[in-house]
Amino acid sequence: MMTRTQSPIIIVHGGAGKIPHGEQDQYNKGVIEAVEAGYDLLRSGSSLEAVVEAVRCMEDNPILNAGLGSALTIRKTVEMDALVIDGSTNRMGGVMGVSKVRNPVLLSKIILEKDKHLLYATEGAHEFARNLGMELISPEELITPRARDLLESYLSKLSAPSDSLAGKTGTVGAVAIDHEGNLAAATSTGGIRGKEIGRIGDTPIPGAGTWADDELAFSATGVGEWIIKTMLGLRTKMHLLISPTAEHALKRALNDMRILINGTAGAIVVTRSKGWVAFHTTPTMAWAMKEKNMKKSFLNPSGW
Ligand code: ASP
């Protein structure tokens, strides 16, 4: 029987960077659908179930950069990373560079539940999935015409002097706290558009793009190289120890990133006792949150 002491909260993000012109409403709809799907499970279930469902929902959304519609590598292929962490039990599972599973977050959750190895990469991850009886798909099935167009436009500007990793980003993530006060985080991504083959970002690195423990759950988005260099998840955790709120802690961590490497990022954080925050130093970040008497999204901060 659950001890109901905590009012459940879920926050999701649909990626930072620049939302392509005219797609704001679709991003907003995508994050709202995901937060509703996660919250439905959170009413009576665990934060782990809720974040996995919210991320699965966004992986299936072709507009968002994860699962179907993932950003493409420089060789026009898909390579996805994901990580799921259950803060209450310290279990985690993740995948790197996978291309033959429809929902990397579901495979990550099974890895977490098996509790043997934490991270599986490329063909080893596919073999693990096959042995479990999961359907393996052709990577082509994950490639959308929109993802091809965005890559073409990226490649055509490659020689531009102002080109940088920023703005090629997008990722999906969810953090939640359930009735029992358990925290969980999940993040999934196709990575940065035009990335080299074999490049791994921050998403599946515990403490960088994804983190959860008994105090906070964290999911980031932005240039993975910058997020790893500053270990943004753990940095936010360290700041939380001496900060009055989650908002202070995240803002301090992002300020460190700016000072140390002149980088930007976005993140969502929910804590056991210091509130929640969705904040970014990138131009935009699609996000939505829901709790009992409140729901907000980046387009409708006063509710939808
Ligand atoms: N952090 C992801 C990566 O670097 C991309 C993103 O969040 O936009 O793979």
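We did not get these values from a lab; they are worked out from the coordinates using the rules stated. These numbers come from a predicted model, not from an experiment. Cβ sites come from the backbone with ideal geometry, for glycine too, and all protein chains shown count toward neighbours.
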Got a sec? How would Asp178, Asp25 order by Cβ neighbour count within 10 Å, fewest to most? Asp25, Asp178
In units of 2.2 N^0.38 Å, the Cα radius of gyration of the chain is 0.91
Taking H as built 1.01 Å from N, whose amide H comes closer than 5 Å to the amide H of Ala265, not counting residues under 5 places away? Thr281, Thr282
Convert each backbone phi in the range 236-250 into a coupling constant with the Karplus relation 6.51 cos²θ - 1.76 cosθ + 1.60 (shift: θ = phi - 60°), then list the ³J(HN,Hα) values in order as whole Hz, x for Gly and Pro. 5, 4, 4, 5, 4, 4, 10, 10, x, 9, 4, 4, 4, 5, 5
The rounded separation in angstrom of the Cα centers of the range 235-296 and the range 66-131 is 25
Distant-in-sequence amide H partners of Ala121 (H built 1.01 Å from N, under 5 Å): Met96
Where does the charge balance sit around Ile63 when Lys and Arg score +1, Asp and Glu -1, over other residues with C-beta under 13 Å from its C-beta? -4
On the formula 1/(1 + (r/R0)^6), with r taken between the Cβ atoms of Ser138 and Glu225 and R0 of 35 Å, the FRET efficiency rounded to 0.05 is 0.75
Quick one: Met294, Met96, fewest Cβ neighbours within 10 Å first, how do they rank? Met294, Met96
Provide Tyr120, Tyr154 in ascending order of the number of other Cβ atoms located within 10 Å of each residue's Cβ, fewest first. Tyr154, Tyr120
Could you tell me what percent of the DSSP beta bridges with both partners in the range 62-153 are antiparallel, to the nearest 5? 65
Quick one: work out the % antiparallel among DSSP beta bridges in the range 1-145, nearest 5. 65
Once phi for every residue in the range 194-208 is put through the Karplus expression 6.51 cos²θ - 1.76 cosθ + 1.60 (θ = phi - 60°), the whole-Hz ³J(HN,Hα) values, with Gly and Pro written as x, are x, 5, 6, 4, x, 5, 10, x, 7, 3, x, 8, x, x, 9
Gain in span if fully extended, Asp149 to Lys292, counting 0.36 nm per residue against the direct Cα distance: 47.5 nm
At most 15 other Cβ atoms within 10 Å and a DSSP loop assignment: could you name the trypsin sites (Lys or Arg not before Pro) in the range 1-88 that fit? Arg4, Lys18, Arg43, Arg75, Lys76
Cβ-defined net charge surrounding Pro139, 11 Å radius [Lys, Arg +1; Asp, Glu -1]: 0
Can you work out the Karplus-derived ³J(HN,Hα) for every residue in the range 51-62? Use 6.51 cos²θ - 1.76 cosθ + 1.60 with θ = phi - 60°, whole Hz, and x for glycine or proline. 5, 5, 5, 4, 6, 4, 4, 6, 5, 7, 8, x
The set of residues whose placed amide H lies less than 5 Å from the amide H of Lys274, leaving out same-chain residues fewer than 5 positions away, is none
What is the calculated FRET efficiency for Ile197 to Ile242, with r their C-beta to C-beta distance and R₀ = 41 Å, to the nearest 0.05? 0.50
Roughly what % of DSSP beta bridges within the chain run antiparallel, to the nearest 5? 90
